[in-house]
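Remarks on the structure that follows.
The values are calculated or read from the model by the stated rules, or taken from the named source; none is laboratory data. Bear in mind that the values here come from a model prediction, so they are computed numbers and not experimental data. All Cβ positions, even for glycine, are placed from backbone atoms using ideal geometry, and neighbour counts span all protein chains on display.
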Amino acid sequence: LANIQISSSITSIGSQAFYECKSLTSIKIPSSVTSIGWCAFEHCASLTGIEVEENNSVYKDDNGVLYKKDGTEIIKYPEGKTDLSEYYIPEGVTTIQDQAFWRCESLRSVILPHSLKEIGYDNANIDIDYRTCEIDINITKQSSDIAMGVDKALEAKENNMSDEEIEAIGAGDQGMMF
C-alpha cells in the first residue's frame, strides 16, 4: 500500500485509520471528507505528503502538510517529508494538534508563529496538559566560575579597562547556558 486516493463517498477517516502503514507515501483526501480522527496518519514513516482537494470545506494542505481549512490548526506534518530541515508554521496558526510533528526526524527546527495559543495535548487525566504546564525560570545570579573567566579576559590582563567596564562585559552568551 503506497498511494491512497480516498473515494468521494467517504466522509470520515477514523482514528488511527492508517496507523503503521509504513509503505504509504501519499494520500489524497477528497472534498467529501469532513472528519479526520486522532492520529489517522501516525507511524507512516514513508508518508511524504497529504493532498487535500481544493474544494474541501474543512481541510487543506500546504505543500503536503495537513491543516484545517481556515489555516488556524496544523494537523499533520508527514513523517516521511524530508525536503526541509526547518519548518516555519505560518502566522495565523493558533493550534498545533497533538503529535502533528511525531517522528519527523528530518526536521531540525520548527519556527512557531506569534499567533500560536495551543500546542498538543489537553488531557490532564494522562498528565499531559498544556494549560497546566509551567515554565520555571530560576536564573538569579551568574555563576562565579563564569564570572571568574571574564575577570581573566584579555582586556583585564592588559589593564585597558576599569573594574566597572570589566564587570559590565558579563559572560556574554555563556550566562544563558543550562
Practice prompt. Determine, yes or no, whether residue 72 is modelled with pLDDT of 95 or more, touching a Gly at 6+ places or on another chain (Cβ under 8 Å) and closer than 16 Å to residue 21 by Cα.
Written response: no
Fill in: Selection within the stretch 49-60 - part of a loop (DSSP other than H, G, I, E, B) and either of a type in the set (Gly, Ala, Ser) or in contact with a helix residue (DSSP H, G or I) (Cβ under 7 Å, 6 or more places away or on another chain) (or both)
57
Item to complete: Please go through the stretch 10-46 and pick out each residue that is in contact with a strand residue (DSSP E or B) (Cβ under 7 Å, 6 or more places away or on another chain) and among the aliphatic types (A, V, I, L, M).
Response: 13, 24, 27, 29, 33, 36, 40
Worksheet item: Looking at the stretch 61-110, what strands (runs of 3 or more DSSP E) fall wholly within it and have at least 2 residues that are surrounded by 16 or more Cβ atoms within 10 Å (Cβ to Cβ)?
Response: 65-68, 73-76
Worksheet item: Here are some residues: 23, 9, 46, 32. Which one is more than 23 Å from residue 115 (Cβ to Cβ), assigned to a loop (DSSP other than H, G, I, E, B) and within 21 Å of the chain's Cα centre (by Cα)?
Response: 46
Item to complete: Could you grab me the full set of residues in the stretch 3-46 that are under 14 Å from residue 99 (Cβ atoms) and either modelled with pLDDT of 95 or more or of a type in the set (Lys, Arg) (or both)?
Response: 36
